[in-house]
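Reviewing the structure listed below.
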């Protein structure tokens, strides 16, 4: 997963580009099946770029047409659930990010909580970071709690993205995913304005070293 992929905004001119990519990578029967599913998604008001990306992923893996169709159907179902969870007025980026979060196991309640914190602002970045944390081994409950805490404290999107990358870097050097998120979140909270309450974070000393996986 990549954060940038969640912020593609499709205009009318992008549809031809989608078809060109599919035509270059898929055989005619598979392309026809994929375009049919994309048309269904478009008729439901769902973002279609995530479906194109999934089809291209299937092409890279040389998956058969039936497997690509099943994968696209599952992704479309998650896009639908994401939009229902976030609200019909949500942007394509929000819906795509919500679907990615659902794909890695984030429950709808956690997604709904983030929307409640930002009822009129985009939650694409928080959802993307949450999905990345879970995908890299942070327990869903812990990752959801920490992202929500930081959002309530007014964290910027850039700070959230940096947090996710720092945690990934720690994990790559052998740190425990959960311990890394704890430490990195405490450092970040210390930099944010104090609202008068710690929003559920435990006040404790920041360890000088991250616990490593056994």
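For the range 61-151, the pair-distance distribution built from all alpha carbon pairs, in bins 5 Å wide starting at 0, is 2, 16, 26, 22, 16, 10, 6, 3, 1 percent.
Spatial offset of the range 117-189 relative to the range 33-60 amounts to 29 Å, using the alpha carbon center of each.
By the count of other C-beta atoms within 10 Å, a proxy for reagent exposure, 142, 54, 36 are ordered fewest to most as 36, 142, 54. Pull out a ≥ b ≥ c, the square roots of the eigenvalues of the alpha-carbon gyration tensor of the range 21-120, then state rounded if a/c is under 1.5, prolate if not and a/b is larger than b/c, and oblate in the remaining case. Here the range 21-120 falls in the prolate category.
With a Förster radius of 25 Å applied to the C-beta separation of residue 65 and residue 44, the computed FRET efficiency comes to 0.65.
A full extension of the chain between residue 152 and residue 81 corresponds to an added length of 23.1 nm, given 0.36 nm per residue minus the alpha carbon distance. Residue exposure proxy: 77, 94, 182, ordered by other Cβ atoms within 10 angstrom of their Cβ from fewest to most, comes out as 77, 182, 94.
Packing-based ranking of 122-129, 163-170 yields 122-129, 163-170, ordered from highest to lowest mean Cβ neighbour count within 10 Å. Taking 0.36 nm per residue of separation and subtracting the current Cα-Cα distance, fully stretching the chain between residue 108 and residue 89 would add 5.1 nm. Treating each Cα of the range 84-124 as an identical point scatterer and ignoring solvent, apply the Debye formula and state log10 I(q)/I(0) at q = 0.22, 0.30 Å⁻¹. With no solvent term, the Cα-only Debye profile gives -0.60, -1.13. Spin-label model, residue 162 to residue 190: label points 7 Å out along the Cα-to-beta-carbon direction sit 1.4 nm apart.
Values quoted throughout were computed directly from the atomic coordinates according to the rules given, and no laboratory measurement underlies them. Since this is a predicted model, take the numbers as computed values, not measurements. Using ideal geometry, Cβ is built from the backbone for each residue, glycine included, and neighbour counts are taken over all protein chains shown.
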